[in-house]
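Scroll down for the structure; my scribbles are underneath it.
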Amino acid sequence: MTDKLKQLSPAILTLDDKNYSLPTLIGIEGEKAIDISKLRSQSSYVTLDEGYGNTASCESAITYIDGEKGILRYRGYPIEELAENSRFVEVAYLLLNGELPNSRQLLEFSTNLNESSIIPEDMHHFFNGFPRGSHPMGILATMVASLSTFYPIPDRLDTVTEQQIVINLISQVRTIAAFSYKKSIGEPLVYPSYKLKYVRNFLNMMFSSPVRDYQLDEDIVRAIDMFLILHADHEQNCSTSSVRTAGSSMANVYAVASAGISALWGPRHGGANQQVIQMLEQIHADGGDGTEFINQAKDKNSPSRLMGFGHRVYKNFDPRAMVLKKQCDKLFAKAGVSDPLFDIARKLEEIALKDDYFISRKLYPNVDFYSGLILRAAGIPTNMYTVLFAIGRMPGWLAHWREMLHSEQVIITRPRQIYVGEPLRHYQNIEQRP
Ligand code: ACO
């Protein structure tokens, strides 16, 4: 336990007529916790908390969220201020190092990212092995894990190697993402350019070709940069917890990052942005205004949910959704830019925010509700949306991996369970079985 946590008076828990004194703690933003780490050894009781909704799995100084108040801060800075004033590379530096960089530090970080953006040439062959139509998240997870074979990690990690790992992953995840897209459409790979900064470089690798220059639109570059900032970290979400869990075994960090990508893929996590657009497209194709879809989402007998609504932590509003909605308003107000799906999204939001089903369950638009519209405006294909999320989240995953690695004691993640299977029984020969 670090000295950032202050002790409060202990909680007394009575179990089987015996009292147990449990330390209670308070974090710097007033979050209170009961330390139950010794409860089992003292009393033989474990705590049950499916999905860990009420469990703090670690101490962390990276990101602060107050889901009730709709607050998100990276290293103390409100997300709204970072989205408005900062750029993704600067935010990545902040998450990893704890402070905003000065000009020299930013230039050095940005140059390192640029110089590390080329993936090993031999990896290019791997892209040919994937079947046509493979989901880019499957390719991304595989390719990121395969970086471990190109960059062996010494048993004792020194500062320089650790820094290079972080730089490689943040830079190369973007190259792999763009290459997997180019492969999927049968176009030649476009190498990263030393002349272009992070987002511009990515868009250029995605959309230029030897016979076609890509004209970078400043508003799109800014919107994608903002998208990446808003996705850069979100404390102990499903994928970050997966990174910490895999990392706690001291596994190779490229494989650890791949675990994060795999966890992110699911429709209840990072995959939701793709599902939002598919939902909006379906509503558009059916010609409705969304009322019918909302009714289905409310129906207990239907598996459908209003994608992009609800959040495990935000029970008021998701501040990232507010920023993105504003950015969408700006983007679609531009002359000649429109998207009928944006109108449907606005209508759905309007209906849902007045509907008692969503109000009583505290279901509000989450970051994914508007993010897909931004990516669509940039020409990013739907099956690449979660890949973009992964690019954004990479600095967050690595900041958590690093924080864990440098904590006083790296404890392997190993939750308990409550067994509900068969009691002891004995092996029967096959002839005796019913
Ligand atoms: N549409 C309709 N009903 C919903 C929705 C939704 N999007 N989300 C939750 N509910 C309902 C549930 O059916 C449940 O109803 P009940 O109490 O009558 O049984 C109640 O609200 C609570 O639902 P839970 O799943 O327990 O809520 P939880 O906080 O665990 O889940 C989650 C959060 C997974 C995000 C959920 O809201 C969801 O599936 N949303 C749609 C998918 C989505 O947008 N995911 C992106 C999350 S953000 C991110 O990962 C970056």
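Computed over the range 6-56, the P(r) curve from all C-alpha pair distances, binned at 10 Å from the origin, holds 23, 50, 26, 1 percent per bin. Comparing V276, V166, V221 in a Gaussian network model of the chain where C-alpha atoms under 10 Å apart are linked, the largest mean-square fluctuation is found at V221.
Given the protein chains as shown and a 1.4 Å probe, how many square angstrom of I34 are accessible, to the nearest 10? I34 exposes around 100 Å² with every protein chain in place. Distance from the alpha carbon centroid of the range 231-301 to that of the range 13-64 works out to 28 angstrom.
Accessible area per residue for the chain is 53 Å², calculated with a 1.4 Å probe on protein heavy atoms, without ligands, DNA or RNA. Rounded to the nearest 20, the size of the Cβ-charge dipole of the range 6-56 about its Cα centre is 220 debye, with Lys and Arg at +1 and Asp and Glu at -1. Carbon and sulfur: what percent of the chain's accessible surface (1.4 Å probe)? Its accessible area is 52 percent carbon and sulfur atoms. As a calculated quantity, the FRET efficiency between T161 and L13 at R0 = 56 Å, using C-beta atoms, amounts to about 0.80. Computed over protein heavy atoms with a 1.4 angstrom probe, the accessible surface ordering of H284, H125, largest first, is H125, H284. In order along the range 142-159, the phi-based Karplus estimate (6.51 cos²θ - 1.76 cosθ + 1.60, θ = phi - 60°) of 3J(HN,Hα) comes to 5, 5, 5, 4, 6, 4, 4, 7, 8, 10, x, 10, x, 4, 9, 7, 8, 4 Hz; Gly and Pro are listed as x. Heavy-atom accessible area, probed at 1.4 angstrom with all protein chains present, ranks D213, D49, D356, D343 as D213, D356, D343, D49, highest first. Under a 5 Å amide H cut-off, with hydrogens placed 1.01 Å from N, A11 pairs with L22, T24 among residues at least 5 apart or on other chains. Estimated from the Cβ-Cβ distance and a Förster radius of 41 angstrom, the FRET efficiency linking K326 and H125 is about 0.40.
If the chain linking L405 and L189 were pulled fully straight, counting 0.36 nm for each residue of separation and taking away their Cα-Cα distance, it would gain 74.2 nm.
A cut-off of 5 Å between modelled amide H atoms, ignoring neighbours fewer than 5 places along the same chain, links Y214 with S209. For the chain, the Kirkwood radius over C-alpha pairs fed into Stokes-Einstein at 10 °C and 1.306 mPa s yields D = 67 µm² per second.
Each residue of the range 256-267 was assigned a 3J(HN,Hα) from its phi angle through the Karplus curve 6.51 cos²θ - 1.76 cosθ + 1.60 (θ = phi - 60°); the sequence is 5, 5, 5, 4, x, 4, 4, 5, 5, 4, x, x Hz, with glycine and proline shown as x.
When you restrict to C-alpha pairs under 8 Å that are six or more residues apart and normalise by the size of the range 6-56, the relative contact order lands at 25 percent.
Structure remark: mean-square fluctuation, Gaussian network model of the chain, C-alpha springs under 10 Å; the largest value among V173, V410, V253 belongs to V410. The separation of the range 74-124 from the range 313-367, counted between C-alpha centres, amounts to 28 Å.
Can you give the log10 of the normalised intensity I(q)/I(0) at q = 0.17 Å⁻¹, computed with Debye over equal Cα scatterers of the range 313-434? Log-scaled intensity ratios, in q order: -1.01.
Compared with the alpha-carbon gap, the fully stretched path from D343 to E218 is longer by 42.7 nm at 0.36 nm per residue.
Scalar couplings 3J(HN,Hα) for the range 80-87, obtained by applying the Karplus form with A = 6.51, B = -1.76, C = 1.60 to θ = phi - 60°, are 4, 5, 5, 4, 6, 10, 9, 10 Hz; x denotes Gly and Pro.
Treating the Cα atoms of the range 67-225 as identical point scatterers in vacuum, please give the log10 of the normalised Debye intensity I(q)/I(0) at q = 0.11, 0.20 Å⁻¹, two decimals. Log10 of I(q)/I(0), two decimals: -0.52, -1.35.
Here the Gaussian network model covers the chain, with springs between Cα atoms less than 10 Å apart; of R73, R414, R376, R414 fluctuates the most. Rounded to the nearest 10 square angstrom, E292 shows an accessible area of 120 square angstrom against a 1.4 Å probe.
The values are calculated or read from the model by the stated rules, or taken from the named source; none is laboratory data. This is a predicted model, so every value here is computed, not measured. Methodologically, a virtual Cβ is constructed for each residue, glycine included, from the backbone with ideal geometry; neighbour enumeration extends over all protein chains shown. For the accessible areas, the whole protein counts, side chains as well, though only heavy atoms, and no ligand, DNA or RNA atoms are used. Shrake-Rupley method; radii C 1.70, N 1.55, O 1.52, S 1.80 Å.
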